[in-house]
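Structure, as structure tokens:
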Amino acid sequence: MKGDEEDDENEKERSTPMGFYHYAQSYREAANLLTNTDKTLRKATHPEAPIRFLYYHAIELYLKAFLRRHDYTPRELATRKFGHDTLRLSNKVAKLGIHFDDEDVQAFKMMRKTDAVIRSRYIQTGSYNWPTLEALDRVCESLRRLIGEELRKGGVMVRI
């Protein structure tokens, strides 16, 4: 058991709120770069799928950054209790004091209650309603600002 405790402590040190936040920002910026690439230069048949996945992952990481600041361990964040479930993550973040706007909440619900995230990763045929890339970027911007400000208040030096 001592080995597990040491592993948890090492993981806590290596997976900081700052790290989660800056990784979230990196995924968002990568999505923005792909979004703003000249569409005539894109050779992919489904260029928006990886962009959507980058935004979805950024949203998840922003939420986890806030929870890491509130002493949730990386192991806890990876379990079925939270995992990739943005609705559960956002509900816990809200209970800890972050107030999301309606567009943010809609995105969290859509990510949980539909197969939008899976469709961004795997081929599935048929028609589907997606959030726009602009809407996903607005959610990321909202989280960047809200969570970044809270992390700074708590002494975590992040670039906002």
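Kindly indicate which of A94, A58 is in contact (Cβ under 8 Å) with a residue 40 or more places away in the chain and hydrophobic (A, V, I, L, M, F, W, C).
Values: A94 fails: in contact (Cβ under 8 Å) with a residue 40 or more places away in the chain.
Among A94, A58, only A58 is in contact (Cβ under 8 Å) with a residue 40 or more places away in the chain and hydrophobic (A, V, I, L, M, F, W, C).
Could you grab me the full set of residues in region 74-84 that are among the hydrophobic types (A, V, I, L, M, F, W, C), crowded, with 16+ Cβ neighbours inside 10 Å and either in contact with a strand residue (DSSP E or B) (Cβ under 8 Å, 6 or more places away or on another chain) or in a helix (DSSP H, G or I) (or both)? Answer for region 74-84, where residues must be among the hydrophobic types (A, V, I, L, M, F, W, C), crowded, with 16+ Cβ neighbours inside 10 Å and either in contact with a strand residue (DSSP E or B) (Cβ under 8 Å, 6 or more places away or on another chain) or in a helix (DSSP H, G or I) (or both): just L77. Has region 101-124 got at least one residue that is surrounded by fewer than 17 Cβ atoms within 10 Å (Cβ to Cβ), outside any helix (DSSP H, G or I) and at pLDDT 90 or above? Checked against the condition, which is being surrounded by fewer than 17 Cβ atoms within 10 Å (Cβ to Cβ), outside any helix (DSSP H, G or I) and at pLDDT 90 or above, region 101-124 yields at least one hit.
In region 65-81, the residues that are under 21 Å from Q25 (Cα atoms) form Cβ pairs under 8 Å with partners that are modelled with pLDDT of 95 or more and not in a helix (DSSP H, G or I), at six or more places apart or across chains, as follows: F66/L96; F66/I98; L67/L96; H70/L96.
Checking the stated criteria, P50 turns out to be surrounded by fewer than 16 Cβ atoms within 10 Å (Cβ to Cβ) and either free of Cβ contacts under 8 Å to residues at least 60 places away in the same chain or on the phi < 0 side of the Ramachandran plot (or both).
For region 132-146, the criterion of being over 14 Å from I59 (Cβ atoms), without any contact (Cβ under 8 Å) to a residue 60 or more places away in the chain and surrounded by 12 or more Cβ atoms within 10 Å (Cβ to Cβ) is met by none of the residues. For region 27-73, the set of residues classified as β-branched (V, I, T), modelled with pLDDT of 90 or more and in a helix (DSSP H, G or I) consists of I51, I59, listed by residue number.
The values are calculated or read from the model by the stated rules, or taken from the named source; none is laboratory data. On a predicted model such as this, the values are computed, not experimentally measured, just so you know. Heads up, the Cβs are rebuilt from the backbone with ideal geometry, glycines too, and the neighbour counts pull from every protein chain shown.
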